[in-house]
Every structure is written in C-alpha cells, then in structure tokens.
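Here the structure is laid out as structure tokens; the discussion comes afterwards.
The values are calculated or read from the model by the stated rules, or taken from the named source; none is laboratory data. Worth saying up front: this structure is predicted, and the values here are computed from it rather than measured. Note that we place each Cβ from the backbone using ideal geometry, even for glycine, and neighbour counts take in every protein chain shown. The accessibility values were calculated without ligands, DNA or RNA, using every heavy atom of the protein model including side chains. Shrake-Rupley method; radii C 1.70, N 1.55, O 1.52, S 1.80 Å.
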Amino acid sequence: MFGALLFSFIENNNLELFDIAETQHQFNARESDWGFTNFMPLSELYDPSRGYVVDDRCILEADVNVRKDLDYWAHDSKKETGCVGLKNQGATCYMNSLLQTLYHIPYFRKAVYHMPTTENDMPSGSIPLALQSLFYKLQYNDSSVSTKELTKSFGWDTYDSFMQHDVQELNRVLCEKLEDKMKGTVVEGTIQQLFEGHHMNYIECITVDYKSTRKESFYDLQLDVKGCKDVYASFDKYVEVERLEGDNKYHAEQYGLQEAKKGVLFIDFPPVLQLQLKRFEYDFVRDTMINDRYEFPLQLDLDRDNGKYLSPEADRSIRNLYTLHSVLVHSGGVHGGHYYAYIRPTLSNQWFKFDDERVTKEDTNRALEEQYGGEEELPHTNPGFNNSPFKFTKYSNAYMLVYVRESDKDKIICNVDEKDIAKHLRIRLKKEQEEKEKKKKEKAEAHLYTIVKIARDVDLHEQIGKDIFFDLVDHDKVRSFRIQKQTPFIIFKEEVAKEFGIPVECQRFWMWAKRQNHTYRPNRPVTAQEETQSGPGNLLGKIGEVPPDYHFADPDLYGLEVGQLREVSNKANNAELRLFLEIEMGQDLRPIPPPEKLKEELLLFFKLYEPSSQKLRYVGRLFVMGSRKPVDILMKLNEMAGFAPDEEIDLFEEIKFEPKIMCEHVDKKSTFRENQLEDGDIICFQKSPQVSDGQQYSYPDVPSFFDYVQNRQHSSSCRSRFAPRVWARKLATFKMVVRFRFLEKPKEDEFSLELSKLHTYDEVVERVSQHLGLNDPSKIRLTSHNCYSQQPKPQPIKYRGVDHLSDMLVHYNQASDILYYEVLDIPLPELQCLKTLKIAFHHDAKDEVMIIRLPKLSTVADVINDLKSKFLGLQGTQYPKGGGLLSDGGPGHSALK
C-alpha cells in the first residue's frame with residue numbers, strides 16, 4: 001500500500017489533514033520507480049487561503065508498508081501452495097475469483113465432471129465441456145490456466161473479456177445453464193441440492209384471521225451492508241417485520257383494507273450458502289460504493305436466538321451452523337477495480353489468496369479482518385505536531401461470502417480423483433498436455449532445427465485455381481520436414497526418398513527467392529557441389545549460425561544464398577527453408593535422373609485460363625532456351641492444354657499482383673530473353689478470342705480475370721495474404737461474395753450474393769428480398785457476424801445505421817463475409833420507432849407470455865392499458881378482487897421483463 005498526505009497549517013502550528021491520495025503498489029526490482037502522476041494543481045498548493053504553504057514550507061507525508069522482499073516473478077504457485085491460478089483475459093478477474101470458488105467446492109466439481117459430454121464436442125461450443133476442461137487443468141496443471149475456451153462457450157468475444165460484468169449475474173446464469181444441462185443425467189438436481197434454499201413471504205392481518213404466504217426459492221441472498229455492523233445485523237434486517245397501516249393498509253380478500261404485518265422467514269437454508277453483500281448503491285444521480293466496516297464471522301449460526309430467522313414450518317432438526325469457505329474481495333471504486341478471492345479449500349486454518357495467475361498462502365487475519373472495509377487508523381509520528389491518528393478508507397472489502405454447513409461438510413468437501421473424470425475427457429486433455437509439452441520442447445530446441453518445406457508439381461496442380469490464383473503455391477499447405485541444421489543434405493534427400501518414393505538420384509531441388517515485386521518464385525537449382533558440401537558450408541548448416549572465422553570458397557555465391565534462404569521466425573526463433581522438387585518422368589512414367597541444366601535454359605511454369613468457365617489451372621512446366629521464341633513452343637502448350645495442335649493462343653506473363661495486377665502480353669515472335677523472362681517466371685495462356693464466334697465473356701482475357709479475382713472476396717486464402725487491418729481497408733474498395741444465413745437457423749440455411757462494397761442498406765436488403773422472393777424489402781433485417789465467437793452479434797444493424805456494405809462486415813478490425821437475415825412482420829423503419837416488451841403473466845391456471853409493441857415515448861400507464869385491453873378480453877380469465885394487474889402479494893400479478 002502506498003499513501004500520500006498533504007497538511008494545512010491551523011492555529012499554533014497545529015496541522016489539519018486537508019488532502020489525501022492512496023493507492024496500492026508492490027515495489028520490486030522491476031517496478032521501483034512508481035508514484036502518483038497527479039496529486040494537486042500547483043495553483044491550489046500556493047493558494048494562501050488553503051494554508052498548505054506557511055513560512056515557505058509545506059508538509060507532505062507518505063505512508064509505505066514494508067514487507068518481506070519476495071520475487072513476484074519467480075513465484076511458483078503450484079510448488080508453494082499446490083494450486084494454480086487463472087489467466088486474466090483483460091478484465092476477467094471477477095470471473096476468475098468466482099470460478100476458483102466453485103472449483104474448490106469438490107462436490108460441485110465432481111458433478112461437473114459427471115455431466116455427459118462426448119469426444120466430438122468442442123469446448124468453445126459447450127459450456128459443460130469447457131468447464132470440465134478448465135477444472136481438470138486446475139487440478140492437474142503445473143501452471144496457470146486460460147479461460148478463453150470457457151468465455152467462447154458463453155458466446156463472448158474479445159470485447160466482452162475487457163468489460164467487467166456483474167458477478168452475481170454471472171454466477172446465476174452459469175448455474176442456470178449447468179442446471180439445464182444436468183437434466184436427465186445422473187447429476188440432475190445437483191445445483192439445487194448445493195445452493196437452493198427457500199424462504200416464505202407472508203402478510204398477516206393483525207385484527208382479523210387472515211394470512212397470505214408465498215414460498216420462494218433462492219440460490220444466494222443479498223444482504224444490506226449500509227446500517228449493519230455485521231452479517232447477523234443484516235439477517236435481522238432481512239427478517240424485520242414491516243407494519244402495513246394508515247394509507248398503506250393491506251387489502252385482504254373478504255375483509256377489505258386491514259392493518260397487517262409483512263415479512264420474510266426462512267423455511268430452509270442450503271448446504272452451501274452464498275451471501276452477496278450490497279456494497280454498491282445505484283440511483284439516478286450517481287452510483288456510490290459503501291465502504292462501511294462490516295464484519296463476518298468464521299462460524300455463522302443461523303439458529304441463534306431460538307431460530308428467529310426460521311419459519312414455523314422449518315425443520316428444526318437440521319443444525320444451521322456454517323463455516324466460512326470463501327471471501328470474494330473487490331479492491332477499487334464503484335466504476336471499476338480488481339477482484340480476487342480468499343479460499344480455504346479443505347476448511348482448515350490455512351487460507352489461500354487466488355489473485356488471477358498468482359496463488360499465495362495467507363493468514364486468517366488477512367482473509368477476514370482486512371476485508372471488513374471501513375477505515376484504518378495510522379499513528380501520526382511527527383514530533384511537535386498534533387499526534388492524533390489519521391484514518392484511511394480501506395481500498396478493499398468483501399462483497400461475497402460462501403459458507404458451508406457443518407453437518408454437510410464431509411459430503412461437500414469430498415475427494416475428487418481421476419476416476420470421476422470421463423475417459424474421453426482424460427484422453428483429450430492428456431493429449432492436449434502432451435502436445436503442449438512437445439511444442440515447449442520444440443521451442444526450446446528450435447535453434448538446433450530448421451523447417452524444410454517441399455513444393456512439388458502435384459501441389460501446384462492441387463492449389464492453383466482452387467486455393468490460390470497468383471504465384472505458384474501456398475507453402476503452408478505443402479509437406480514439411482523438421483531437420484537438424486547439421487544434417488548433411490544427402491541424408492535429407494534420403495528422407496525425401498522415403499516420403500515421396502523418389503530415388504535420391506532423381507531429385508533436383510530449386511531454391512525459392514522473394515523478388516522485389518513481392519512475388520515468390522523458384523530461382524535456381526541446388527548444385528551438386530552444394531549437396532555434397534559438409535561442415536558449416538552445408539546447405540542446411542548455412543541457414544543456422546555460421547562461425548565468424550569460416551570463409552566460403554565463393555563468398556559472393558554463398559552470401560547471396562544465406563540472404564535469400566534464411567527466414568527467421570519471430571515467434572519460434574526458427575529458420576525455414578523452402579524448396580521446389582523437380583521430378584522428370586521417363587516414357588514409362590517412372591522418375592529418371594534430371595538432365596544437367598544448361599546455362600541458357602530457363603524453367604517456366606504455365607497456367608491455362610478458360611474464359612467460358614472462368615477457370616484457371618496449372619498445366620505444367622517446361623525448360624526453354626533463352627534464345628528461342630515462344631512461337632516455338634505453341635504446339636507443346638496446345639498439347640498440355642488438350643487443344644488442337646494449330647489452335648491460336650495468347651500468352652501473358654504474370655508479373656505481380658500487389659498492389660495492382662501486372663499481367664502483360666508476351667510477344668510470341670521475340671526471344672524469351674527479349675521478353676525479359678527468367679527462371680521461375682509464370683506464363684498464363686488462353687485461346688485467342690475470335691470475333692466471328694460472337695461469344696461475350698465477363699472476363700475475356702487473363703488480365704481482366706486476375707482483376708476480377710483480386711477485387712472480390714473469393715476465399716479465406718485471399719484474405720490471409722493481408723493483416724486484418726490491411727484487409728479491412730482493402731475490403732472497402734473490393735467487390736465481394738457475401739454469405740447470408742437465416743438468423744434462426746444459422747447453420748442450416750445459407751446462400752451467397754456477389755455485391756458491391758458501396759451498396760447501401762436499402763440496396764443490400766433489395767437484393768436479399770429478390771433472392772427470397774419477397775415483395776417488401778423493408779421487412780428484411782440484417783445482423784452482423786462476430787468474428788471472434790463465430791455467432792451473430794447480439795444487436796441487429798439499425799435501418800440505415802451504416803453507410804455501406806463494407807461497414808456491415810467489419811468487426812473490431814476483423815473482416816467477415818457473413819450476414820444474418822430475418823423476415824419481420826412489419827417494416828423495419830416502423831419497428832425501430834416502437835419499443836418491444838416481453839410480458840409474462842403469472843396466474844394459478846397457467847402462465848402466458850406476450851409480446852407488445854408501443855411507441856418509445858409511452859408511459860407505464862400506456863403499458864398497463866395495453867395489457868388490460870389484451871388480458872381482460874381473454875375468455876375465462878379470473879382476477880383477484882382488488883389485486884389488479886400489478887397487485888403486490890396476491891396470487892395474480894404481471895411482471896415486465
């Protein structure tokens with residue numbers, strides 16, 4: 001803790017505390033220079049009326065609590081405490097403290113393990129499996145555990161993880177979800193058995209014999225802090241009797257208005273009692289936090305004073321004596337702060353503090369006394385001045401307590417071991433752990449290895465025209481080898497022979513080079529000398545560290561190769577070598593040793609474009625003499641394409657595709673050298689357009705087709721060429737293919753439309769309505785796609801709320817090609833002027849739910865009138881006398897949701 005005080009002088013040189021600032025910081029070797037960035041404006045400090053500066057002096061006092069020097073970063077939670085923490089995703093400390101509390105209720109953990117899940121489930125789409133996975137890792141991992149799978153199963157995106165949610169609401173929603181998933185299973189009813197209690201709301205007339213009661217269940221209790229010194233005082237207030245008299249008399253059936261007593265008594269308490277302390281107050285002016293001192297006991301006796309909290313029908317044979325299990329703490333102010341928990345998992349005297357990733361042992365005083373809130377007195381030690389103590393408001397206090405009933409302790413704090421965990425879950429998570437350890441080992445040994453990626457003709461055939469259109473291959477989709485850097489290249493070729501069935505003598509490898517125009521092409525073959533080179537000059541060795549005193553025989557050649565081949569991975573500090581494997585086939589279609597490449601020969605790759613089908617495919621490669629002309633190979637190209645030998649074809653060189661397409665005609669009558677072609681260049685060819693055939697194609701030639709491909713959102717491989725922000729900017733200028741999914745069945749129904757990025761909302765819904773065969777496009781409502789959760793966003797797109805289609809498809813700098821649609825019963829512009837309310841009407845006979853729409857400026861009276869017009873007209877509906885639609889305590893009432 002770190003605090004600073006500024007004093008003002010009063011009469012006789014006494015001091016008066018005038019300004020104070022306090023915060024918390026753990027000073028250590030890494031964070032030694034730390035303090036307040038702002039304390040007080042200088043104009044206020046020098047203001048004579050404030051009394052801060054007298055006789056050219058002021059007094060500033062700092063309070064620092066010095067504790068044992070501990071290395072925060074070297075702390076091993078598992079080793080020190082036997083427990084591990086949870087990683088904070090941004091603002092999920094409140095969730096972490098709740099999850100740790102639930103995990104350390106072993107009966108709850110065992111029930112979660114016994115929930116039925118299958119090996120085909122994915123944790124990010126299943127709350128039970130995500131929670132099982134999280135609990136398993138908390139139990140068996142040696143380091144802190146991530147909660148990302150769990151939050152994804154909630155449907156949260158990254159933005160939600162950086163927003164603090166209400167802890168009580170999260171607890172209730174999570175328990176409701178689990179309770180629903182447990183139905184029909186061996187653990188059905190576990191949530192109720194652990195956390196559900198019941199109380200009785202009663203209204204009892206004083207002068208006549210009439211009493212109205214209503215039994216209600218609860219999973220947690222909200223206790224007042226303001227005006228209460230401890231938990232017992234809060235319970236006293238909870239069951240406090242309210243008198244209904246004067247203008248507030250109760251309308252009793254058959255007796256009219258009567259004076260009455262109104263109150264709450266408990267029928268039963270649950271084995272695990274969760275108490276929410278009302279530390280926050282909300283009103284229309286401002287929100288405030290209640291930092292009053294509030295005590296809570298280590299043992300809580302709810303049978304005290306002859307069971308004054310219990311109703312007459314309560315089972316008095318059950319002893320309601322509770323032991324404190326967890327204290328959830330909030331540190332900070334009303335608008336934010338930090339959350340952590342003090343837990344004693346076995347109810348022993350040893351407490352543990354669970355603060356996100358860090359778990360430490362703590363004493364009882366830290367878990368109880370220091371979390372009562374209120375003020376802390378610090379003695380004033382300045383000699384010659386007023387030595388009255390100064391008070392600091394405590395920066396942390398308890399906001400949730402968890403108690404376990406003594407009589408249920410052995411059942412709740414039970415043993416949980418591997419036999420309680422489903423076999424498929426154990427196998428899955430052990431495999432995950434093994435993969436994690438394997439990656440960790442590979443990362444530690446990365447400097448000893450290099451990744452060699454081998455592209456072959458078969459890869460080009462499979463990818464061009466499907467996964468990619470520009471360049472030759474996606475190297476992430478070819479066969480890769482993890483090879484020690486010191487492995488002789490000839491040994492590596494033997495590995496390739498085993499993998500592909502290509503004899504060593506039939507293999508010729510080409511090095512890839514990234515050109516200045518950002519294309520990536522095979523540049524030159526690996527020479528026989530390089531293949532047999534040993535030591536630091538070995539091809540694989542050159543990618544690693546080369547001794548500074550080693551000199552290559554040909555420094556120009558080898559220096560160039562290192563610069564081109566060494567691509568260090570920033571994440572793994574690893575080198576990657578990319579090679580093209582040239583394989584020549586004999587007449588019997590068996591591999592043969594490649595002939596020696598002449599200096600004059602060029603290796604060219606060929607793609608065929610068909611305007612009629614708008615298809616592009618790879619057809620092969622050829623060695624050509626640089627002094628020869630393209631006209632000399634036209635017959636061979638026609639053979640490769642399956643055309644007639646005398647078919648007229650046009651040739652284009654694919655030069656580059658970023659930032660603009662460059663694809664130029666190849667002069668068939670000039671030499672290859674004169675056309676400035678070199679090893680690794682790509683020639684695209686097609687049938688020459690004939691004016692007489694009368695065919696009109698959208699993209700008649702290779703350059704126009706490449707422009708089309710670049711200007712549409714064709715596939716994820718196209719988007720993967722750019723960083724998300726770059727792609728988001730490019731998206732604003734491209735045409736795109738958008739996938740539309742029905743909002744109610746997003747995984748079943750889908751269709752695609754090619755749209756312009758400049759289309760407005762009206763133009764987009766017009767196209768959708770045409771596809772669906774609807775007459776009124778204004779009844780179409782669209783919802784954007786959440787790229788993180790892969791679900792629709794919670795709120796639909798407002799009518800004309802965005803300018804263009806591109807705005808509908810961008811989510812936090814992530815681009816999507818998905819929109820969701822729904823068909824409304826009224827036009828969207830009209831719907832947006834109305835407020836939709838869901839009304840639940842509860843009656844003894846049945847419950848009804850109705851949707852009503854009213855103008856946004858409607859009052860509560862308008863709602864009631866609309867309800868009357870609907871409900872009072874229902875045939876056979878009976879209403880209590882005097883109760884009305886919104887009567888309090890009667891058997892019929894309406895609730896707005």
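A few comments on the model shown:
- Accessible surface, per residue, of region 401-445 when the full set of protein chains is kept, probe 1.4 Å, Å²: 66 Å²
- Taking every DSSP bridge with both residues inside region 601-690, close to 85 percent are antiparallel.
- Neighbourhood charge, 13 Å Cβ-Cβ cut-off, centred on Pro48 and excluding it, Lys, Arg +1 and Asp, Glu -1: -3
- Using a probe radius of 1.4 angstrom, the carbon and sulfur fraction of the accessible surface of region 730-824 is 44%.
- Violating pairs (Cα-Cα greater than 25 angstrom) within the set Lys430/Lys745; Lys477/Lys498; Lys87/Lys361: Lys430/Lys745
- Checked against a 26 Å cut-off, the cross-linked pairs Lys78/Lys419; Lys615/Lys779; Lys409/Lys436; Lys110/Lys148; Lys181/Lys262; Lys493/Lys514 give Cα-Cα distances beyond that limit for Lys615/Lys779; Lys409/Lys436; Lys181/Lys262.
- Cα-based shape type of region 601-690, given that a ≥ b ≥ c are square roots of the gyration tensor eigenvalues and the cut on a/c is 1.5: oblate
- Measuring nothing but how far apart in sequence close Cα pairs (under 8 Å, 6+ apart) lie, relative to its length, region 396-526 scores a relative contact order of 15 percent.
- Å² per residue, accessible surface of region 601-690 at 1.4 Å: 47 Å²
- Each of Lys430 and Val53 was given a label point 7 Å from its Cα along the Cα-to-Cβ line. The distance between the two points is 7.3 nm.
- Average accessible surface area per residue within region 730-824, 1.4 Å rolling probe, Å²: 51 Å²
- Straight-line cross-link reach from Lys438 at under 16 Å between alpha-carbon atoms covers these aspartates and glutamates, not counting any fewer than eight positions away in the same chain: Asp142.
- Placing a pseudo-label 7 Å from each Cα along the Cα-to-Cβ vector at His447 and Gln832 gives an inter-label distance of 6.0 nm.
- The lysines whose alpha-carbon is closer than 16 Å to the alpha-carbon of Lys629, local same-chain residues fewer than 8 away aside, are Lys668, Lys669.
- Relative contact order (%) - region 730-824, alpha-carbon pairs under 8 angstrom, separation at least six: 35 percent
- Here region 601-690 has 47 percent of its accessible surface on carbon and sulfur atoms, given a 1.4 Å probe and all protein chains in place.
- Sorting Lys237, Lys262 by solvent-accessible area of protein heavy atoms yields Lys237, Lys262, largest first, with a 1.4 Å probe.
- Accessible surface of region 411-515 [probe 1.4 Å, protein heavy atoms]: carbon and sulfur percent: 50 percent
- Of the peptides 45-58, 201-214, the order by per-residue mean of other Cβ atoms within 10 Å, starting with the highest, comes out as 201-214, 45-58.
- For Lys423, a cut-off of 15 angstrom between C-alpha atoms picks up these aspartates and glutamates, skipping any fewer than 8 places away in its own chain: Glu119, Asp121, Glu432.
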